[in-house]
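*Asks:* Got a structure here, written out as structure tokens. Questions coming.
Read the figures in this text as sums done on the coordinates, not as results from a lab. Model, not experiment: these values are computed from the prediction. Note that each Cβ is placed from the backbone with ideal geometry, even for glycine, and that neighbours are counted across all protein chains shown.
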Amino acid sequence: MSDTPFRALTDGSLESATVALADEAATAALARRLADSLAPGMVIWLSGALGVGKTTLVRSLLAALGHTGRVASPTFTLLEPYELSSFPVYHFDFYRFSAANEWRDAGFDEYFAGNGVCLVEWPELAGTDLPRPDLQVSLDFAADSQDAGTDLDTESPRRAGLLAFSEAGRRCLRAAADAS
């Protein structure tokens, strides 16, 4: 299994961090670390270009939470629900949205007020009323990153920037840091 280098970007409070993702195994390792600290009611935003690994991260998160079935990208269905033994997980993809608040018009607001975990791809297309995340995971290709010249891991093709907005999000960051 590939090791996932982890570097906190702030004063040690783990409000934000960057993780180098050398390969799909590193993405899966990050997902397992995050899955261990997920709790009902959490909202996770997943941002990044097409093909950068958002759905791959979700597949690995769901596998770490015990899901054994197929995980489809919700690009066309907009929502894929997963009823797990611990809590439900709702995987949204707002890529096809063309107007703010389409997620609300589709009736998705009830999911954000429930006891599941909401994983949202393309949250920036949902408008400003989308509930603030506990954790935002921004995936990018390292060559496209603003700090691609840093010493994090110049061999890794992808990076995950993690930004916590709540104590639950900070727990996810600590779990990722403690496991690395």
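*Asks:* Which distance in nm do the two modelled labels at Arg96 and Glu83 give, with both placed 7 Å along the Cα-to-Cβ direction?
*Replies:* It is 2.5 nm.
*Asks:* Amide H to amide H under 5 Å from Glu121: which residues, 5+ apart in sequence or cross-chain, H placed 1.01 Å off N in plane?
*Replies:* Here the answer is Leu46, Phe92, Asp93, Phe94, since their amide H atoms fall under 5 Å of that of Glu121.
*Asks:* Taking Cα centroids, how far is segment 64-86 from segment 96-114 in Å?
*Replies:* With segment 64-86 and segment 96-114 each reduced to a Cα centre, they are spaced 18 Å.
*Asks:* Suppose R0 equals 22 Å; then what is the FRET efficiency for Ala49 and Asp105 from their Cβ-Cβ distance, rounded to the nearest 0.05? Provide the component values of the computation, followed by the final result.
*Replies:* Working: r = 26 Å, r/R0 = 1.18.
So, using R0 = 22 Å, E works out to roughly 0.25.
*Asks:* Here's something else I'd like to know. Explain nothing, just the number: dipole magnitude of segment 15-179 about its Cα centre with +1 on each Lys and Arg Cβ and -1 on each Asp and Glu Cβ, in debye rounded to the nearest 20. Could the numbers behind the result be given before it?
*Replies:* Values: 13 positive and 23 negative charges, 67 e Å.
That gives a dipole near 320 debye.
*Asks:* Under 1.5 on a/c is rounded, so check that first for segment 66-129, then, if it is not, pick prolate when a/b is larger than b/c and oblate when it is not; a ≥ b ≥ c are the square roots of the alpha carbon gyration tensor eigenvalues. Kindly include the intermediate steps, with their values, before the conclusion.
*Replies:* Values: a/c = 2.63, a/b = 1.56, b/c = 1.69.
Oblate, since a/c reaches 1.5 and b/c is not below a/b.
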